Amino acid sequence: MHIAILTAGGAGMFCGSCMQDNSLAKALTGQGDEVSLIPTYTPIRVDQQNVSEERVYLGGVNLYLDYAVPLWSRLPRGLVSWLDHPRILRMASSLGIENDASQLGPLTLAMLRGSAGSMKREYRQLVDHLVEEVRADVVIFSNALLSGVLPLLRERFAGPVFCLLQGDDLFLDQLPEKYRQQAIQAVCNHAKLFDLFITHTEFYADYMSDYLSIARDSFRQIPLSIDLPEETMTPRSSPRKGSSSPLRIGYFARIAPEKGLLNLVQAVRRLHESGVEVELQAGGYLGKAHHPYMEQVKEESAFLGDRFRYIGSPASQTEKLEFMKSLDVFSVPARFHEPKGLYLLEAMSQGIPVVQPARGSYPELLESTGGGLLFEPDNTAEYVSILKQLLESPEQRDKMGNNAQRAVREKHCSSYAAQRLCEICNSFINDSQEA
């Protein structure tokens, strides 16, 4: 089976959806399927082997110029194709071009118009590639915001087209009000052209079924997964047993208000005030738009002195996992309904228990792994109490960490997710042939 996956680059940052798409494509290839992972907007950035095609389609610079410059879209493709080169797109991203939804309302609407709007040249090029060069059996969109190309694709491709939903609502909800409903309606209209929708949790299937007015029986699930070499998942042993240093709480996710690093700092302050001495270490991508937020985090954490450290965004998976191994407890107290949570799998794969708010994907992930504890969202007192409970019980930390590590290996590895995706594809194709 040949599966084409359209993935959206994250404008130079490590993107959870890109990383999930890349590890899934790698696992599919490993089990004998032919896979084309096709980057759009910008090149993807991952901390493992990048298996995506080198060429980028719907290049972000040309899309913007199609929208902003009259007659740009009428120029011959040979004159503008150089702007889609990965090196040019990386340079544009490095200059501070970010995918901030609050600034992208009109451009988002233009993209959702697809081949009916000013960007038709770019959309036709992508469809030509899918139909004439890739010739896939199944096409999977890794988010619904790419669906502007779907009407044109449907005119030329008769095979099944699925959509892997991984956080589209988060982007749409950040659009300015005057663009938000138009964009949501456009995605709802395109949604009718997909054959199936795939999510990582039942929660997100329920949520997006309502959000996009999609029949609930159009959804299937594959597990959230990570691709880790077996040697990185050694049995947990309390990493700091016998150490006189304070226990260490860790955070690793994008540095942004909705991910909740400031909330974690405030919880640690309460621990500190109650006499519990801890270190706090944080990592993750920090975009220019969120530098003021990070300054606020640093001010709020001044009481910790040198016991607070921001490690940045490690370039390799090895560095990230070494950071995880150095922790005693991991927490990302996100303030929204997180649809994925790859960082939890990464921490739990190293035997580190987690503490999370009972919202979004977190309850299902912790039920699946037994790797942590939940607290009532926005209940700081309960959050502090549960953190304290874990910090003061090395036996509980070890038990949860070992259970989680085993569950990640068995239930949340990329090979298992790839197997489940192939089952969905084959089942749909067989049912269609029998109908």
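The table for this structure:
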read-out	value
Only listed residue being closer than 30 Å to Asp173 by Cβ, of a type in the set (Phe, Trp, Tyr) and within 22 Å of the chain's Cα centre (by Cα), chosen from Phe330, Phe323, Phe375	Phe330
Scan of the range 25-51 for residues that are surrounded by fewer than 23 Cβ atoms within 10 Å (Cβ to Cβ), outside any strand (DSSP E or B) and polar (S, T, N, Q), ordered by number	Thr29, Gln31, Gln48, Gln49, Asn50
Search result, residues across the range 355-399 that are of a type in the set (Asp, Glu) and within 23 Å of Lys325 (Cα to Cα)	Glu367, Glu392, Glu395, Asp398
Residue match in the range 417-432 (condition: surrounded by fewer than 21 Cβ atoms within 10 Å (Cβ to Cβ), touching a residue at least 12 places away in the same chain (Cβ under 8 Å), in contact with a helix residue (DSSP H, G or I) (Cβ under 8 Å, 6 or more places away or on another chain) and not assigned by TED's automatic domain parsing to the domain that holds His200)	no
Only listed residue being under 28 Å from Ser313 (Cα atoms), surrounded by fewer than 16 Cβ atoms within 10 Å (Cβ to Cβ), modelled with pLDDT under 90 and among the hydrophobic types (A, V, I, L, M, F, W, C), chosen from Leu83, Leu95, Leu75	Leu95
Any chance Leu391 is within 26 Å of Gly275 (Cα to Cα) and surrounded by 17 or more Cβ atoms within 10 Å (Cβ to Cβ)	yes
Selection count where residues are assigned to a helix (DSSP H, G or I) and either at pLDDT 90 or above or within 17 Å of Leu65 (Cα to Cα) (or both), scope the range 100-144	28
Helices (runs of 4 or more DSSP H) lying entirely in the range 344-435 (those with 3 or more residues that are over 18 Å from Glu202 (Cα atoms) and among the polar types (S, T, N, Q))	380-391, 394-411, 414-434
Members of the range 160-184 found to be in a loop (DSSP other than H, G, I, E, B) and modelled with pLDDT under 95, listed by number	Gln166, Gly167, Gln174, Leu175, Pro176
Given (1) at pLDDT below 90; (2) in contact with a Ser or Thr (Cβ under 6 Å, 6 or more places away or on another chain), number of the condition Asp21 does not satisfy	(1)
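The values are calculated or read from the model by the stated rules, or taken from the named source; none is laboratory data. Note that this is a predicted model, so its numbers are computed, not measured. Neighbour counts are summed over all protein chains in view; Cβ atoms, including those assigned to glycine, are modelled from backbone coordinates with ideal geometry.
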